[in-house]
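What follows is a set of notes on a single structure, which appears directly below.
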Amino acid sequence: MIIVKEGYIVAEEYFSNTFSSNTTHVLYSATKSVTSILVGVAMQQGFLDNVSQKVLDFFPDRTFDNIDERKQAMTLEHLLTMRPGIEWDEWAVPYSEVSFFTNPHVPMSITSKSRPDLSAVRLTASMRIICSLLNILPVSPGVPYGPLW
């Protein structure tokens, strides 16, 4: 666990012999909470207007496969609530491939299966798309720790 206050690490503790500062740890559902916090910070800093913004509007220079009216209707809120309406096999995800985490092309190119708000399912793809759009936002001036995302 690492506690940061005003841009400085004030506490760092590893609670077993298994983990260290060099150990990668799978966070699973904690990712949704952290990503939601980052979206809130981006909204507070004025980089995002609201969660009703269309996802495709964040990527005007990108081309994705399988774009239809359902993907065009997809909003940031749909991603945050795990309701993007895309077909996704959570267990066939290439988690070891770094580009999967930073490139929205794979999850945004997946075939739509329903209207974005119909059903909630566990979708890592939603968080990957949000992280990709957070990565293209400008950095807030005066933030001592650099880019938050």
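No lab work stands behind these numbers, since they all come straight from the coordinates. Please read these numbers as outputs of a predicted model, since none were measured by experiment. Glycine gets a Cβ as well: all are built from the backbone with ideal geometry, and neighbour counts include every protein chain shown.
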**Report entry** At R0 = 30 Å, FRET efficiency that the Cβ-Cβ distance of M1 and Q44 yields, to 0.05
**Finding:** 0.75
Requested in this report: Calculate one ³J(HN,Hα) per residue across segment 79-89 by plugging θ = phi - 60° into the Karplus curve 6.51 cos²θ - 1.76 cosθ + 1.60, and present them in order as whole Hz with x for glycine and proline.
Outcome: 5, 5, 9, 6, 10, x, x, 9, 7, 8, 9
Report task. Place the peptides 123-129, 32-38, 57-63 in order of packing, highest mean first, counting for every residue the other Cβ atoms within 10 Å and averaging per peptide. Result -> 123-129, 32-38, 57-63
Query - Cα centre as origin, Lys/Arg/Asp/Glu Cβ charges: segment 28-135 dipole, Debye - result: 200
Query raised in the report: Can you list the lysines whose alpha carbon sits under 16 Å from that of K54, skipping same-chain ones fewer than 8 residues off?
Result: K71
Report summary line: So, with points 7 Å from each Cα along the Cβ direction, the N135-D117 label distance in nm works out to 3.0
Report summary line: Heads up, segment 28-135 by the C-alpha gyration tensor (a ≥ b ≥ c square roots of eigenvalues; a/c under 1.5 rounded, else a/b over b/c prolate, else oblate) looks rounded
